[in-house]
1. With only Lys, Arg, Asp and Glu charged, each at its Cβ (+1 for the first two, -1 for the last two), find how big the charge dipole of the stretch 231-296 is about the Cα centre; round to the nearest 20 debye.
2. Calculate the length of the line joining the C-alpha centroid of the stretch 409-452 to that of the stretch 57-79, in whole Å.
3. Per residue, what accessible area does the chain have, given a 1.4 Å probe and all protein chains present, in Å²?
4. Over the Cα atoms of the stretch 29-141, compute the convex hull volume and normalise it per residue, giving Å³.
5. For residue 142, enumerate residues with amide H under 5 Å from its amide H, sequence gap 5+ or separate chain, H modeled in the peptide plane.
6. What list of whole percents do you get for P(r) of the chain, with Cα-Cα distances grouped in 20 Å bins up to the one holding the largest distance?
7. Starting from 0.36 nm per residue, how many nanometres of slack lie between residue 442 and residue 26 once their C-alpha separation is accounted for?
8. Per residue, what volume in Å³ does the convex hull of the Cα atoms of the stretch 95-162 enclose?
Amino acid sequence: MVYEVYVRSFADSDGDGDGDLKGITARLGHLRDLGVDALWLTPFYRSPLADGGYDVADYRDVDPRFGTLDDFDALVAAAHEQGLRLIVDIVPNHTSDQHAWFQEALASPPGSPARERYIFRDSPGDRPPNDWPSAFGGPAWTRLPDGQWYLHLYASEQPDLNWRNPEVRAEFESIVRFWLDRGVDGFRIDVAAGLFKDESFTDLGDRGRRVVNGPIYSRPEVHEVYRDWRRILDSYPGDRMAIGEVWTDGPEELAQYLRPDELHQVFQFDLQLAPWSAPAFRDVVTAALAAVAPTGSAPTWVLSSHDSVRHLTRYEQSGDLPGVGYARARAALLFLLALPGSAYLYQGEELGLPEVTDLPDDARRDPVWFRSEGAEKGRDGCRVPLPWSGKSEPYGFGREGTRPWLPQPERWASLSVEEQKSDPTSMLSFYRMALELRRELLPELPDELEWLESSGTMVVYGRGDLVCAVNFGENPVRLPKGRPLLTSVPLYGDLLPGNAAVWLKV
Ligand code: NOJ
């Protein structure tokens, strides 16, 4: 069980409105009581925060907004003391435009070694060198006053590195070692499939960005990098791991990253993309298990992250009864936690936080919002700082009087950790119970999963003598045989209500 900490929004110790490392250290008890095994920290490195820290200006330092290297060391020590592992994000595809290397490249002429660390190209006329789009909208190229263009698969403040340059490769090996030396247990690799681009830089034309064998992602050379990193990870004491953010078109391509001498895990995002439907959930699990089966690596499950609309809100269609998203989110947790493999939770889902859909436009910070000129709202709605206690902003996120970097909704008082922890019916209590029970049951559970029933709106699967049944429909259905261990809502006699799930012992 890994818990994603979006550092800027977790807990603010110094009242500047941004979460920080000391805030996390002070709140580790919440994660221990929740029952997770590890935390994954989103980037806290020196950064102008053009993309929330995924634009790194110095890979070996903590941004002053988030603390110091000493704060980081204290966090590692405290986490380990509490039995929690710590995974950090590494961002190798691009740097910030404020990184010393990019500043040097800007000050150096075309063709210079400084420009060779990035992807600069000439192009006649006013047209960019090719038709590649930025993932955040607009073209993936920006032109400099001297006429050269540079590539950025994301915002223009995030120039892509040239991984064909040995200096880039050596630098990242050194960065990996830097954080391993400080005691991290692993890395989450950002845009892991993107490092190498096909040297022909051909147009995509009407193909999508992510086509198999396309010019942008999963070029064969990328695997050499992860083999090198794996050798480094394995040379450190203890279990050090890496999980890749890999978007692919198919299971064969995904499996390549999981060869025994490459990454330990890759994210499998299909559950996060699946609508609330029995066939959709079942098909996603079948495909995800099949994708990793030949590799022997654990499947990974995600419902929400800092990049997507919170699932509680996603499961609510317009016209649904109020509260249905909440019921479905509880049921989805039981579906997820009985699956074999690793689950990655996103901060705030244990509180049942909804997406904040009514942020004022002038509060928005996501480059998606700016680059789409407001056509897309972006990802700020899932990044609103957590409510810990109290009746009004900042809800214990920071000390009294703190103005969080994104405003918190007025209606969040009842969702705070303090409110929920003593209420046995709350989402937080439910998460704690489910995680605790999972931990107890886990040693006895076989890795294999068996589909017991999958017709209509019901999905029932078994792992040994544990059965998980989910009713995706609206109407109650008869419970499968077994003794209920945990339910997402109270049962009606032997009926499982709609939008509900149960774990049973057979
Ligand atoms: C994936 C990260 O999760 C996302 O937040 C970021 O914007 C992009 N990679 C670019 O680094």
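The values are calculated or read from the model by the stated rules, or taken from the named source; none is laboratory data. Since this is a predicted model, take the numbers as computed values, not measurements. Neighbour counts run over all protein chains shown; Cβ positions are idealised from the backbone, glycine included. Protein only, heavy atoms only, side chains kept; ligands, DNA and RNA dropped before computing areas. Shrake-Rupley method; radii C 1.70, N 1.55, O 1.52, S 1.80 Å.
1. Numbers: 4 positive and 10 negative charges, 36 e Å.
Value, rounded to 20: 180 debye.
2. 30 Å
3. Values: 19910 Å² over 506 residues.
About 39 Å² of surface per residue is accessible.
4. On the way: hull volume 15.6 nm³, N = 113.
Per residue, the Cα convex hull of the stretch 29-141 comes to 138 Å³.
5. Placed amide hydrogens put 150, 152 under 5 Å from residue 142.
6. The calculated distribution, bin by bin, is 22, 56, 21, 1.
7. Details: separation 416, 0.36 × 416 = 149.76 nm, distance 2.93 nm.
Extra length available between residue 442 and residue 26 comes to 146.8 nm.
8. On the way: hull volume 5.2 nm³, N = 68.
Once divided by residue count, the hull of the stretch 95-162 is 77 Å³.
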